[in-house]
Amino acid sequence: MRGLQESGFLVDVVPDGATALASLRPQHVLVIVDDEVGMDPVELCRALRARSEVPVIVITAEDHEDQVVGALEAGADDVVVLPAPMREMVARARAAVRRGPEPEPEETALEVGDVRLDPTGYVVTLHGQHIEMTRKEFELLRVLMTNAGQTVPRRMLIERVWGWESTEGKTLDTHIRRIRAKIEADPSSPARIVTVRKVGYRFNRPRR
């Protein structure tokens with residue numbers, strides 16, 4: 001799944017189909033089912049489809065017509081037969097996401113350390129004190145805090161906040177600098193929003 005991560009997807013890997021069903025959330029935009037999930041991938045597709053309209057891609061090493069047709073009839077949006085180039089896998093994943101429904105927004109308040117973000121009122125507080133944020137700064141901070149402790153790729157941040165792809169990225173970096181100036185004790189040596197070189201940014205969870 002590293003190729004998907006490097007292409008801007010934030011990936012959660014679960015060990016089996018039962019865990020996938022239990023972990024499914026309204027904010028998920030795609031499910032990729034391996035044919036070694038510990039249960040029949042066709043049955044897993046049916047179970048996923050019964051719970052959600054999230055796009056589902058099945059990947060399999062067996063190019064059997066019955067299995068491919070069965071997965072599609074059970075609700076899979078696509079079937080990828082391995083081996084397949086990673087570029088093709090990424091392209092199919094993006095196409096499935098484009099065809100799928102918009103993910104439901106996360107409306108619960110987020111709290112990481114002494115930073116609190118309330119999506120319902122577009123309010124950010126630090127040590128209980130209100131921090132003024134532009135709408136783009138707020139949305140960028142929300143993505144980072146939602147994925148606190150994980151590195152979020154630059155492309156994903158740009159697509160989530162601005163809705164377009166860019167390889168230049170100065171807009172993203174400028175907004176990160178502005179957020180750091182508002183929530184970091186020392187913006188020149190940030191402790192909360194750290195840069196992961198050549199990958200993206202991570203909002204650190206506080207150390208216990």
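Coordinate-derived values only; no laboratory data. All figures in this text were calculated on a predicted structure; none of them were measured in a lab. For neighbour counting, all protein chains shown are included, and Cβ atoms are generated from backbone atoms with ideal geometry for every residue, glycine included.
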For region 127-140, Karplus-derived ³J(HN,Hα) couplings (6.51, -1.76, 1.60; θ = phi - 60°; whole Hz; x for glycine and proline) come out as 6, x, 9, 5, 10, 6, 9, 6, 4, 5, 4, 4, 5, 5
How would T151, T171 line up from fewest to most surrounding beta-carbon atoms within 10 angstrom?
T171, T151
What does the helix-only formula give at 222 nm for the chain: each DSSP H stretch with n ≥ 4 adding -39500 (n - 2.57), the total divided by the residues, and the result rounded to the nearest 500 deg cm²/dmol?
-11500 deg cm²/dmol
Under a plain spin-label model, where a point goes 7 Å from the Cα along Cα-to-Cβ, how far apart in nm are R94 and E73?
3.4
About its Cα centre, region 6-119 carries a charge dipole, from +1 on Lys and Arg Cβ atoms and -1 on Asp and Glu Cβ atoms, whose size in debye to the nearest 20 is 320
Relative contact order in percent for the chain (Cα pairs under 8 Å, 6+ apart) equals 17
When the scattering of region 80-156 is computed by the Debye formula from its Cα atoms alone, each counted once and equally, what is log10 I(q)/I(0) at q = 0.19, 0.25 Å⁻¹?
-0.88, -1.21
Which whole number in µm²/s is D for region 2-99 by Stokes-Einstein, with the Kirkwood Rh taken over Cα pairs at 20 °C and 1.002 mPa s?
158
Taking 34-47, 172-185, 12-25 and ranking on average Cβ neighbours within 10 Å, highest first, one gets 34-47, 172-185, 12-25
What ranking do L141, L4 get, fewest neighbouring Cβ atoms within 10 angstrom at the top?
L4, L141
Normalised by the number of residues in region 47-139, what is the relative contact order in percent for Cα pairs under 8 Å and 6+ residues apart?
19
In µm²/s, what is D for the chain at 10 °C and 1.306 mPa s, where D = kT/(6 pi eta Rh) by Stokes-Einstein and Rh is the Kirkwood radius from Cα pairs?
85
Taking a crude spin-label model, label points 7 Å out from Cα along the C-beta direction, the V123 to A22 distance in nm is 3.6
Fewest first, what order do E132, E111 take by the number of other Cβ atoms within 10 Å?
E132, E111
Which is the longest run of the chain containing none of the chymotrypsin sites (Phe, Trp or Tyr not before Pro) found in DSSP loop states (not H, G, I, E, B) with at most 14 other C-beta atoms within 10 Å?
1-121
Of the beta bridges DSSP finds with both residues in the chain, what % are antiparallel, to the nearest 5?
70
